[in-house]
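Enquirer: Shown below is the structure under consideration.
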Amino acid sequence: MKDTAKRESFEEEGTLPLRLVEVVRQDLRAFVVSQGMKALAEMLEEERAQLCGPRYRHDPERACSRAGYAPGELVMGGRRVSVPRPRVRDREGHEIPLTSWDAFGEEDPLHERAVRQMLLGVSTRKYARSLEPIGAELVERGTSKSAVSRRFVEVTSKKVDEWLARPLESVDPIAILIDGIHVDEHVFLVALGIDIDGNKQVLGVREGATENATCCRELLADLRERGLATDRQTLFVLDGAKALARAVRDVFGERARIQRCQVHKTRNVVEQLPESVRPSVRASMRQAYRTTNAEKAKQQLLNLARRLREAHPAAAGSLEEGLEETVTVKRFALPSQLERILSTTNAIENLMGSVREHTRRVKKWRDGRMMLRWVATALQDASIRFRRVMGHSGMRDLAAALRGRADRVATESNAA
């Protein structure tokens with residue numbers, strides 16, 4: 001009783017603002033929305049007053065006059081809401097736009113919200129339910145399945161085209177990782193560059209039927225046409241596909257140093273063996289790849305291939321194919337952490353995992369263009385959260401080693 005009486009006395013004396021009491025008694029979100037709409041109306045009226053002068057005051061020199069209101073729409077919380085639009089006309093009767101209205105009426109926030117919700121896994125059918133309620137007093141639209149889908153297609157199509165065509169003259173990757181991701185019956189090859197500071201950047205994407213040499217050559221040719229320099233020594237980290245290595249050599253020639261992914265190579269060999277011998281062979285290959293000396297690692301792998309040749313010739317042949325290129329990075333004497341990263345395509349596999357997370361939500365693919373739009377959008381979204389590779393200080397050592405090799409190749413060419 002004492003607390004109640006004390007509160008009532010506070011209200012009577014004005015110690016506790018009555019407006020605060022009103023807020024407590026109603027939904028806070030509805031209050032914020034309603035007050036925001038009032039503030040917007042006041043802002044629009046204030047701009048109109050600056051153009052037309054004070055209301056109900058005669059001014060013969062007035063250049064503009066009020067012209068009532070017209071139905072209008074503004075973006076709010078991922079949808080469009082109906083808001084009366086104040087109108088202003090000059091002496092000739094031409095309507096003068098209000099800058100405040102134009103600023104609030106931009107479509108970009110609405111489009112960005114739709115794309116963000118889709119990338120977070122919200123389906124077009126559930127888009128409206130994913131938005132914060134704004135109160136029943138506002139009339140809203142633009143949250144239907146078809147409207148959200150149209151916005152997503154419109155925005156992503158434009159962004160993907162710009163992103164895939166962006167110039168690469170200022171990009172100077174020391175290492176380029178290439179790998180493919182399967183989406184339905186299509187394959188998308190992705191090139192990920194790592195610069196001298198260890199920063200990662202998606203360089204390009206190419207759609208094809210398989211991870212063949214033609215698709216890879218087209219990807220590399222596209223990078224070259226967009227300004228990527230191909231006259232420098234570059235480390236390429238590829239999976240076990242021979243086609244990719246052949247395509248890289250076709251475009252970069254002797255300037256390409258190829259590192260075959262050790263994880264892919266181990267998997268390709270082990271899958272051709274009976275279950276009983278797989279653990280021992282896998283352990284032997286991992287032990288060889290953990291060796292810091294390239295020649296020693298190479299010799300251990302050749303010894304393993306020799307032991308497998310009689311009983312398992314297919315596995316031995318798979319191990320010997322491209323064996324030299326599985327220890328390329330070891331010849332640069334890099335820090336162990338960076339050597340481990342550049343010995344596999346795991347860095348780009350993590351990126352592919354983000355793409356799979358986004359694309360798996362699509363239940364029906366209409367065409368390859370739709371797939372490309374989703375893959376590229378997912379890559380863009382993932383690239384925002386890129387971090388520098390671990391052991392990135394060793395990238396300068398790699399750059400110096402590649403330059404040293406370039407100098408040796410040039411000297412040998414001149415001597416010949």
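Bear in mind these aren't lab numbers, they're just calculated from the coordinates by the rules spelled out. Quick caveat: nothing in here was measured; it's all calculated off a predicted structure. Methodologically, a virtual Cβ is constructed for each residue, glycine included, from the backbone with ideal geometry; neighbour enumeration extends over all protein chains shown.
Enquirer: Where a ≥ b ≥ c are the square roots of the eigenvalues of the C-alpha gyration tensor, would you call segment 292-400 rounded, which needs a/c under 1.5, or, failing that, prolate if a/b is larger than b/c, or oblate?
Expert: Cα axes put segment 292-400 in the oblate bin.
Enquirer: Oh, and also: Beta carbons within 10 angstrom, averaged per residue: use that to sort the peptides 230-238, 87-95, 255-263, highest first.
Expert: 255-263, 230-238, 87-95
Enquirer: Within segment 172-415, what percent of beta bridges assigned by DSSP are antiparallel, to the nearest 5?
Expert: Antiparallel bridges: around 65 percent, rounded to the nearest 5.
Enquirer: Okay, next question. If neighbour count is taken as other Cβ atoms inside 10 Å, put V375, V153, V75 in order from fewest to most.
Expert: V153, V75, V375
Enquirer: Here is a further query. How many percent of Cα pairs in segment 172-415 exceed 34 Å?
Expert: Looking at segment 172-415, the distances longer than 34 Å represent 18 percent of pairs.
Enquirer: Pull out a ≥ b ≥ c, the square roots of the eigenvalues of the alpha-carbon gyration tensor of segment 222-302, then state rounded if a/c is under 1.5, prolate if not and a/b is larger than b/c, and oblate in the remaining case.
Expert: Prolate, since a/c reaches 1.5 and a/b exceeds b/c.
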